[in-house]
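Engineer: Before anything else, here's the structure in question.
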Amino acid sequence: MLDIRQDSFTKPVCVGGFANEYYWSSSENNSNNAWNQNFNNGNQNNNNKDNNKRVRAVRGFNLSRYYAAFRQDTIILEVVLQLELFPFYELENCSIKADELFQAYFDCKSNKRLTANAMVFEVDYESKLIQLLEDINTGNYYPGKSIAFIVNKPVKREIFAADFRDRIVHHLIINKLNPLFEKDFIRDSFACRVGKGTHHGIERIDKFIKQCSKNYNEDCFILKLDIQAFFMNINRKLLFDKLHNYILDKYHQHDQKIVLDLCRKIIFYSPVDNCIMKGHKTDWSGLPKSKSLFYTPKDCGLPIGNLTSQVFANFYLNSFDHFIKHDLKSRFYGRYVDDVVIVHNDKDYLKSLIPKIKNFLNDKLFLTLHPDKIYLQHYSKGVKYLGSVIMPNRIYITNRTKGNFYSSISRYNDLSESHKPEKTELQKIQSSINSYLGMMIHYKSYNIRKMYLVKYLNAFLKKRFVTTVKYSKIVVKCV
């Protein structure tokens, strides 16, 4: 705990004058000492950094309460500063607090440390966060430019990556709203929820099949549906209306108006305006217009790649989830983003649900059921779900997942042959390969993992990584 004495702030020196003492400068002499200046006699000195000395303020201030929490890795330093640095703190009873924004920053940074945006922001991040806090609380925050690019795996998608500063705001909003969302979401809506990722979704569907079929002793059928171009067709006006009413009804914190303002700006912000195009325009070749924000109808579409898009998408379909579970009384129901699965022992019952679901999506959410992605089969035929094939008593990896893994390894082999990868590149390769291995270890895939790492990874990369005994993880070797 960092202790700051009360009298440090209750006896301020008038700005414009100096006490007959030394003031710290921002320049260090060496790792232990820093320079300091006596402004009355002009003398300079350098002393141990732990010594008590004054710091020259760069502007006037009024005494008031201001709290900020700083966290670096696992160490938390709480700094209680009784300074009012900005006029907006007079409105602190209805404003976002500094510790909330710093928490959002650290949450955001935990997954983005190596990106260029994150590293640029990290330089002097404290002052940047304070400025962001002022912008938010005075209503002057607006989203910045996004970076648009195409990814081809697992399927071709258009991604809009928000600026790191905006990602912090996304985390701030979700940190505030997620506890409320979790109380209203059904148990079996997956994706972007703690402990409810792809592996959990696959396990739940597998369990539904076992329960419905009485451990594979009775007939049961699987209905799998897909919402057509889901993210591109989310109606932003409807989303914000739902969210606006929800926040007014259930979020009763002092910063309610600011949270509403941030949600409005993020939902209605058009990332295609002045976006930075990464790659070449030909990268968009082969991507259907229905899957691009550049061609969406007015006031439709959320950018894939933003945390708020993922969570707000779940919120948008929450009424649909409750319709399936409670109105249609489907016990064995699960949804991962726009992939819907319902398990039942009556095939005709499942057939009867299709038009009801189609009408609800159309009438209530302005969405369309994909006509070419309606799957209805006996459980013994298996079902492809979230990169796996769920069969009785076993779960396999899909050929597409194996193909994507092979393509990634081939790409890293080519990269290592074109030049010697730096440490950051090796870390990215490690993260990518481990993401595949981490998913595959849950299923019958030992031989596949071994073959890919032993047979397909080239000699150079094998020398740079250590592989665990069960081929479940690789680690960069210390050089």
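Engineer: Please list, ordered by chain and number, the residues whose modelled amide H lies under 5 Å from the amide H of Val337; skip anything fewer than 5 residues away on the same chain.
Structural biologist: So Val337 has HN proximity to Phe190.
Engineer: Measure out, as a whole number of angstrom, how far apart the alpha-carbon centroids of the range 407-424 and the range 322-395 sit.
Structural biologist: 41
Engineer: Can I ask one more? Taking the Cα centre as origin and putting +1 on Lys and Arg beta-carbons and -1 on Asp and Glu beta-carbons, what dipole magnitude results for the range 252-398, to the nearest 20 debye?
Structural biologist: 320
Engineer: Subtract the Cα-Cα distance of Ser472 and Phe366 from 0.36 nm times their separation in residues, and report this length gain in nm to one decimal.
Structural biologist: Residue separation times 0.36 nm, minus the Cα-Cα distance, leaves 33.8 nm.
Engineer: Can you give me the relative contact order of the range 323-444 as a percent, contacts being Cα pairs under 8 Å and 6 or more apart?
Structural biologist: Rounded, it is 13 percent for the range 323-444.
Engineer: Collect residues whose amide H, placed 1.01 Å from N in the peptide plane, falls under 5 Å from the amide H of Phe465; neighbours closer than 5 in sequence don't count.
Structural biologist: Distant-sequence amide H within range of Phe465: Lys477.
Engineer: Which net charge results for the neighbourhood of Phe240, defined as the other residues with beta-carbon distances under 15 angstrom from its beta-carbon, given Lys and Arg at +1 and Asp and Glu at -1?
Structural biologist: Value of the local net charge: +3.
Engineer: Below 15 angstrom from the Cβ of Tyr216, what's the summed charge of the other residues (Lys, Arg +1; Asp, Glu -1)?
Structural biologist: Numbers: positive: Lys207, Lys210, Lys214, Lys381, Arg394; negative: Asp206, Glu218, Asp219.
Residues near Tyr216 contribute +2 overall.
Engineer: To make sure I understand the rule: partners must be lysines, Cα under 20 Å from the Cα of Lys477, and not fewer than 8 residues away in the same chain. Which ones qualify?
Structural biologist: Lys420, Lys423, Lys428, Lys450, Lys455, Lys462, Lys463
Engineer: With a cut-off of at most 13 other beta carbons within 10 Å, and DSSP calling the residue loop, which trypsin sites (Lys or Arg not before Pro) in the range 165-219 qualify? Please list them.
Structural biologist: When the trypsin sites (Lys or Arg not before Pro) of the range 165-219 are filtered for loop state and at most 13 Cβ neighbours within 10 Å, Arg187, Lys214 remain.
Engineer: Right, another one. Any chance you could run the full-extension gain for Asn47 through Lys356? It's 0.36 nm times the residue separation minus the Cα-Cα distance, nm to one decimal. Intermediate values should be presented prior to the final figure.
Structural biologist: Details: separation 309, 0.36 × 309 = 111.24 nm, distance 7.68 nm.
Stretched fully, the Asn47-Lys356 segment lengthens by 103.6 nm.
Engineer: Compute the signed sum of charges (Lys and Arg +1, Asp and Glu -1) over the other residues within less than 11 Å, Cβ to Cβ, of Val340.
Structural biologist: Combined, the nearby Lys, Arg, Asp and Glu give -2.
Engineer: At what distance in nm do the modelled label points of Ser410 and Lys145 sit from each other, each positioned 7 Å from its Cα along Cα→Cβ?
Structural biologist: 3.5
Engineer: Assuming a strict under-18 Å limit between Cα atoms, what lysine pair count do you get for the range 262-304 once near-sequence pairs (fewer than 8 apart, same chain) are dropped? It would help to have the intermediate numbers written out before the result.
Structural biologist: Numbers: Lys265/Lys298; Lys278/Lys291; Lys281/Lys289; Lys281/Lys291; Lys289/Lys298.
Summing the qualifying lysine pairs gives 5.
Every read-out reported here was derived from the displayed coordinates using simple, explicitly stated rules and does not represent laboratory data. For clarity, every value in this text was computed on a predicted model and none was experimentally measured. FYI the Cβ positions are ideal-geometry reconstructions off the backbone, even for glycines, and counts take in every protein chain you see.
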